[in-house]
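**Q** Here it is, the structure, as structure tokens.
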Amino acid sequence: MSALWPTIEATLPCPAPPTWAVLQRRLFTVLDRAWRAFADRYTEGDGRLVFRGRLGVPPDDRDGVDDFYEPFFNWPLLYLLGGDDDLLAAAKRHWRGVTAQLTELGMVRDGHERGYDWFHQGEGLLFFYHLCLADPHDESLRAQAVRSAELYLGGPPGNYDPAHNVIVAPHNGADGPRAGLTGGTPVFPWSPVFVYYGLPLDWIPGITSYEQLLADPALAGRMGQEMRERMGRGDTAVNLAATSLLTNAYLLTGRAEFRDWVLRYTGGWLARMRAGGGVLPDNVGLGGTVGEYLGGRWYGGHYGWAWPHGLHSVGAAAVVAACNAALLGGDETMLDLGRGPLDQVLAHARTDGGTGATLVPYKHNDSGWHTYKPMQMALPVALWQFSQDPGDTDRLTRLGYPSGPGWRDTQPVRGKEEAGHEQPWLAYLAGSNPAYPEQALHLALAVVAHRLARIRADPTDPHTGPGADDLHHWQDLNPVVTEALSQLTCGAPQPLYNGGLWHARLRYHDPERGRPGLPPDVAALVDRIGPDRVSVQLVNLDPVRSRRVVVQAGAFAEHSFGTVTFDQAADAWPPSGPNVPLQPRRRPGALTVDGAYVQVHLPPATSIRLDSSIRLRAHPPAQLTHLH
């Protein structure tokens, strides 16, 4: 390995490692115990979840697949960051066990969901994407990636119409397009809790409130039929999340047809947005016309601007597809697709009189823009991290970056998306929040302890598991946390939860063990990200053993290091005599890399800070490498 890559020797002693490094290694240790505790409590021998219930009435029921995969979504990512060696095998066992379980339940065919919306398919597929990234050489994973991607190339089972460049239904998958939004007789609301989201079609004559639907079965049936006809066919913007499925397959195989599909499909939505004056529509009919079933409205599609989530679903799918297309095609203008929804809501922003925070509208219907809330920061941060374009930085500045209200607060929260701390992280990188690394690691440790305590106190019968009405039970108890590790070690935000791939400034490989991730006892802290620079501190906490780590530029080796500068010891170390200084004198060092990899040798109890020029997307991206 040392002959393959340019190598830098760390020569500065680190007898007392910084607190962040100690906490980071402690977090790795705790997480490697935590996932075992979850697996022991909630899974069976082949990896499936303990569940004795049923999911609706197959073959009509469509909901629930994502809930079985989501409890494990970040386990392969923890392995990729540096988790225990046996975590990869465990994660594969759980994915295969759950896939077999869902096949038996009638929800999965040939390894892929039979047909549902891509808001939920994207959530469930994060587990699979992370597995492929953690072990791209696994032939069975690669074969599944190809089978799933081929569902959307235009042949059987008919999910995609190449003539009009549309996915032909909001619910699609291994069975092809599935008509409507539910099985059986269409009726809405499906549950009284949907009152929170508002009326899906607020302009249907004679229906003005949820109370009418709840009280009158005839009206509920009428709304269900209108939704089936108007929202249950044709393309919808949330289908843009399907681009990750084909991007993943391309990265594993290099098959041009997968790349070309991503570029064409994403480009079609970008063209519609431009034709609409910068407003991304959420629906396209089978004839290729925006608003074809909605009276010409650009809003009103399934998981679109009007219902149920608005920006949360449309914006996420747009950013996911924009980054996928820019990664594969090298055309940075593809990122405009992700910028469009953000700029559209920012054009109607308000300032909260109490906090001074910027509020944006999440939804649009016949009444105009409404439902004002703080921006979902994961969306603009994902674009900023990917592009480093000044315009994407300016958008963050409008939202308070780097020191506006709340930007330096590390809130003690952890939802299923395992995101939400983008602001204090960016403030740290900007130099205005130096305490963030320690705060984030303390918080992560506290979250793990809390989840483990809840697992121990869980009254659910371990022999039967939760019922079908409590499928979020497992994900609410998943003790694996990766947000802080991803940010601090790799300069990467959490992947967008509804199907985004993991985009990182740096990755690591352990050449001695032949696997991805930081070696044992090595801690890393990315403390600077810029359009043409990246800086990282590396520490070997082991006082006896040397470590080697290969640093990779980009999650897919798509970036290229230029000249790496660092400090070296100016004198021989250790000096002789009774009076030993804690640090030697320093002198600058430099190494020109001009490639995606640089190796660092860390003798016992040493540290080094690498400051490198970097060219973004200088190489074709790929998951397969010859490092392992």
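The values are calculated or read from the model by the stated rules, or taken from the named source; none is laboratory data. No experiment lies behind these values; they were computed from the predicted model shown. Here the Cβ positions follow ideal geometry from the backbone for every residue, glycine too, while neighbour counts run over all protein chains shown.
**Q** Out of all the residues in region 412-470, which are surrounded by fewer than 18 Cβ atoms within 10 Å (Cβ to Cβ), outside any helix (DSSP H, G or I) and not assigned by TED's automatic domain parsing to the domain that holds residue 55?
**A** 458, 459, 460, 461, 462, 463, 464, 467 - these are the residues of region 412-470 that are surrounded by fewer than 18 Cβ atoms within 10 Å (Cβ to Cβ), outside any helix (DSSP H, G or I) and not assigned by TED's automatic domain parsing to the domain that holds residue 55.
**Q** Part of a helix (DSSP H, G or I), within 21 Å of residue 491 (Cβ to Cβ) and either under 18 Å from the mean Cα position of the chain (by Cα) or not assigned by TED's automatic domain parsing to the domain that holds residue 251 (or both): which single residue out of 321, 382 fits that description?
**A** Criteria check complete, one pass: 382.
**Q** Right, something else. From the residues in region 503-562 that are within 20 Å of residue 328 (Cα to Cα) and aliphatic (A, V, I, L, M), which one is surrounded by the most Cβ atoms within 10 Å (Cβ to Cβ)?
**A** 553
**Q** Considering only region 565-623, state which residues are over 30 Å from residue 330 (Cβ atoms) and among the small types (Gly, Ala, Ser).
**A** Within region 565-623, 569, 570, 572, 576, 577, 589, 605, 607 meet the criteria.
**Q** Please determine, by comparing only the residues of region 146-167 that are part of a loop (DSSP other than H, G, I, E, B) and surrounded by 19 or more Cβ atoms within 10 Å (Cβ to Cβ), which one is farthest from the chain's Cα centre (by Cα).
**A** The qualifying residue farthest from the chain's Cα centre (by Cα) is 165.
**Q** I would also like to ask the following. What pairs can you find where one residue is in region 287-313 and closer than 19 Å to residue 277 by Cβ and outside the structural domain of residue 368 (by TED's automatic domain parsing), the other is modelled with pLDDT under 95 and among the β-branched types (Val, Ile, Thr), and their Cβ atoms are less than 9 Å apart, with a gap of 6+ or different chains?
**A** Correct list of pairs: empty, since none qualify.
**Q** Sticking with this one: What is the one condition in (1) within 15 Å of residue 377 (Cα to Cα); (2) in contact with a Phe, Trp or Tyr (Cβ under 9 Å, 6 or more places away or on another chain) that residue 489 does not satisfy?
**A** (1)
**Q** Name the one entry in 346, 327, 342 that is closer than 21 Å to residue 505 by Cα, touching a residue at least 12 places away in the same chain (Cβ under 8 Å) and within 24 Å of the chain's Cα centre (by Cα).
**A** 327
**Q** Here's a follow-up. Just name the residue that is nearest to residue 69 (Cα to Cα) out of those in region 114-153 that are in contact (Cβ under 8 Å) with a residue 60 or more places away in the chain and among the small types (Gly, Ala, Ser).
**A** 122
**Q** Counting only residues that are under 30 Å from residue 89 (Cα atoms), give me the strands (runs of 3 or more DSSP E) lying completely in region 510-628 with at least 3 of them.
**A** By residue number, 522-529, 533-540, 547-553, 597-602.
**Q** Follow-up question, since we're still on this one. Please specify each residue of region 233-262 satisfying the condition of being at negative phi, touching a Phe, Trp or Tyr at 6+ places or on another chain (Cβ under 9 Å) and either outside any helix (DSSP H, G or I) or at pLDDT below 95 (or both).
**A** 233, 235, 236, listed by residue number.
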